[in-house]
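To keep things clear, I will list the structure first and then write my remarks on it.
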Amino acid sequence: MVRRVDDSGVTDAGTLLRRAADAHGDREAFVDGATRLTFGAWDAAADAVAAWLADHGVGRGDVVSLVLGACADFAVCYQAVMRLGAITSPLNPRLGAREMASIFSRTAPRVTVLDPGLASLPPGAEAGTVLMRADLAPVVAAGGRPASLPAMGLDDTVAIVWTSGTTGVPKGAVFDHGCFRDMALGAGVLSVPGDRRLSPVPFAHVGYMTRPWDEIGNVITTVIIPTPWHAADHLRLIADESVTVGQGVPTQWQLVLQHPDLPTTDVSSLRITSTGASKVPPELVRAMRKAFGVPVVVRYTSTEASVTTGTQVDDDDEVIANTVGRPAPNVELRVCVGEQRASVGEVGDIHIRSRAQMRRYWKDPERTASVIDPAGWLDTGDLGWLDAAGNLSIVGRKVEMYIRGGYNVYPAEVEDVLGEHPGVVRAAVVGVPDPVLGQIGAAAVIPADPSHPPTLDELKAWCRERLASYKAPDRLRVVAELPVNALQKVVKANVAAMFTEGEGNG
């Protein structure tokens, strides 16, 4: 039986790894293809890379950019940077040149570690000294450690996690060691000591960057899915690596459920599956429960919040399928209409407050003040409502809401209903301009049978039986896939462009 690492008196994630290496040095920390990195080897490799980075001028408070995919090398570099008291700024290799250039110009990194097989730097990028991923192996093999390491505390900055940029230039959410410690307190049912957890997201994502305290403290083995992600790999690794915690964003789980290998894959090692990171259709939750025969939990958070709400394994089907659960134990949550708390069932702005949330936006005090009030409440930018039991339902982003003929329409609500139609695999709804009504609803739909897709009239009738008539979409486009960003979130601006360019089917 694996015991949780004793973190009493620990004030940084680097020290926690040393304790894990002492207590569980032979246990696997990462499975990355043919690479199997133990906690002991991870600790030693981080020391060697820290010495290497120090030789290139990295010290306390410096920024180090990691332009790497999800891999064990990323984890080694991340630990090495934090040991020096420096700050990791990870860039998803799938970011565009404009996004990368913006991040580099705002962080001015001392060093950038680059995998040239996955990305190239924008021309003229202010990337500091550029070191190659290929150089890590001989550095680790040579061993060593810095002559001295600074003492780190809970308030020391560790990472800048960049938002996905679906509504503009990415913003940098700043986290310290205290954020990581409190995130671990809110991990809940997804973390049991000794778990083997599937990791299907880029390591630049908040789903990895803010989890070191949780994953190290619980001696969790992270099983990395190769890049680019494929549903076949997702299923293969569950079986081959005896995965206990299956994770994925809704788009990934949809593809896994449709994959022909699913009926013959041994998924008996799973104890739980989870999904989140974007709106979760209720029908997806039901399909996952049926396919895997284990509890499904739905999590909701944002880059800035790190941890917010989640359902529990003993929640009934309706709660799991239709809500994102209740706040984590160390998270305060409120739904507000203006300055007042919303009534039960009333839609309002979702605010949260916890020590796990970001401290600020990187070098952007004005934007920080616009989302975190003087009392510490973070405005998530999402709209939702609470039921009598305190379960939260999400209706969408404030910026996505549209007004049709004077009535507010929340796209997520319409997407849920469209997703329940037997002819629809997935839908994305946006508001588009209309000369009479101001805005109307437009739906992009992936059909279950491309040879017989649902018609606009059919989907209108379906929605009107379940929603107010004004919420039914006015336009339709049938598509093979929805436009998504590097984190598999639907890019609503690109969906809207399908219709504003006059390409809708109806």
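The values are calculated or read from the model by the stated rules, or taken from the named source; none is laboratory data. What you see is a predicted model; the values in this text were computed from it and never measured. Virtual Cβ from ideal backbone geometry, glycine too; neighbours counted across all protein chains shown.
Odds and ends about this structure:
- Residue in the range 108-117 that is surrounded by fewer than 18 Cβ atoms within 10 Å (Cβ to Cβ), over 26 Å from residue 362 (Cα atoms) and not β-branched (Val, Ile, Thr) present: yes
- Qualifying residue in the range 448-457 (condition: outside any loop (DSSP other than H, G, I, E, B), closer than 30 Å to residue 206 by Cα, not aromatic (Phe, Trp, Tyr) and not assigned by TED's automatic domain parsing to the domain that holds residue 282): no
- Strands (runs of 3 or more DSSP E) wholly inside the range 188-258 containing at least 2 residues that are more than 26 Å from residue 18 (Cβ to Cβ): 245-248
- Test: residue 299 is in a strand (DSSP E or B), in the same structural domain as residue 189 (by TED's automatic domain parsing) and either crowded, with 21+ Cβ neighbours inside 10 Å or without any contact (Cβ under 8 Å) to a residue 60 or more places away in the chain (or both): yes
- Screening 338, 310, 345 for residues that are surrounded by 16 or more Cβ atoms within 10 Å (Cβ to Cβ), of a type outside the set (Asp, Glu) and over 30 Å from residue 264 (Cβ atoms) leaves exactly one candidate, 310.
- Restricting attention to the range 104-134, the residues being closer than 12 Å to residue 53 by Cα, in a loop (DSSP other than H, G, I, E, B) and without any contact (Cβ under 8 Å) to a residue 24 or more places away in the chain number 0.
- The one condition in (1) more than 15 Å from residue 11 (Cα to Cα); (2) within 18 Å of the chain's Cα centre (by Cα); (3) of a type outside the set (Gly, Ala, Ser) that residue 175 fails to fulfil: (1)
- Considered as a group, the residues in the range 1-30 that are surrounded by 22 or more Cβ atoms within 10 Å (Cβ to Cβ) and not in a loop (DSSP other than H, G, I, E, B) include one that is farthest from the chain's Cα centre (by Cα), and that residue is 21.
- Per-region count, the range 31-46, residues part of a helix (DSSP H, G or I) and either β-branched (Val, Ile, Thr) or within 19 Å of residue 203 (Cβ to Cβ) (or both): 6
- Residues considered: 161, 130. Of these, the only one that is crowded, with 20+ Cβ neighbours inside 10 Å and modelled with pLDDT of 95 or more is 161.
- Consider the range 313-355 and keep the residues that are of a type in the set (S, T, N, Q) and not in a strand (DSSP E or B). The one that is modelled with the lowest pLDDT is 322.
- Members of the range 146-158 that are in contact with a Lys or Arg (Cβ under 9 Å, 6 or more places away or on another chain) and surrounded by 12 or more Cβ atoms within 10 Å (Cβ to Cβ): 146, 149, 150, 152, 154, 156, 157
- Within the range 394-412, considering residues that are surrounded by 18 or more Cβ atoms within 10 Å (Cβ to Cβ) and of a type outside the set (Val, Ile, Thr), the one nearest to residue 283 (Cα to Cα): 412
- When 219, 192, 201 are screened for being at positive phi and either of a type in the set (Val, Ile, Thr) or at pLDDT below 95 (or both), only 219 passes.
- Any hit, the range 234-244, residues being assigned by TED's automatic domain parsing to the domain that holds residue 37, of a type in the set (Gly, Ala, Ser), within 20 Å of residue 284 (Cα to Cα) and in contact with a Ser or Thr (Cβ under 8 Å, 6 or more places away or on another chain): no
- Scanning the range 173-187 for residues that are modelled with pLDDT of 95 or more and either surrounded by 24 or more Cβ atoms within 10 Å (Cβ to Cβ) or assigned to a loop (DSSP other than H, G, I, E, B) (or both) yields a count of 7.
- Neighbours by Cβ (under 6 Å, 6+ apart or cross-chain): first from the range 320-339, under 21 Å from residue 281 (Cα atoms) and touching a residue at least 40 places away in the same chain (Cβ under 8 Å); second of a type in the set (Gly, Ala, Ser) and loosely packed, with under 15 Cβ neighbours inside 10 Å: 326/390
- Residue within the range 47-55 that is of a type in the set (Asp, Glu), part of a helix (DSSP H, G or I) and in contact with a Gly (Cβ under 9 Å, 6 or more places away or on another chain) present: yes
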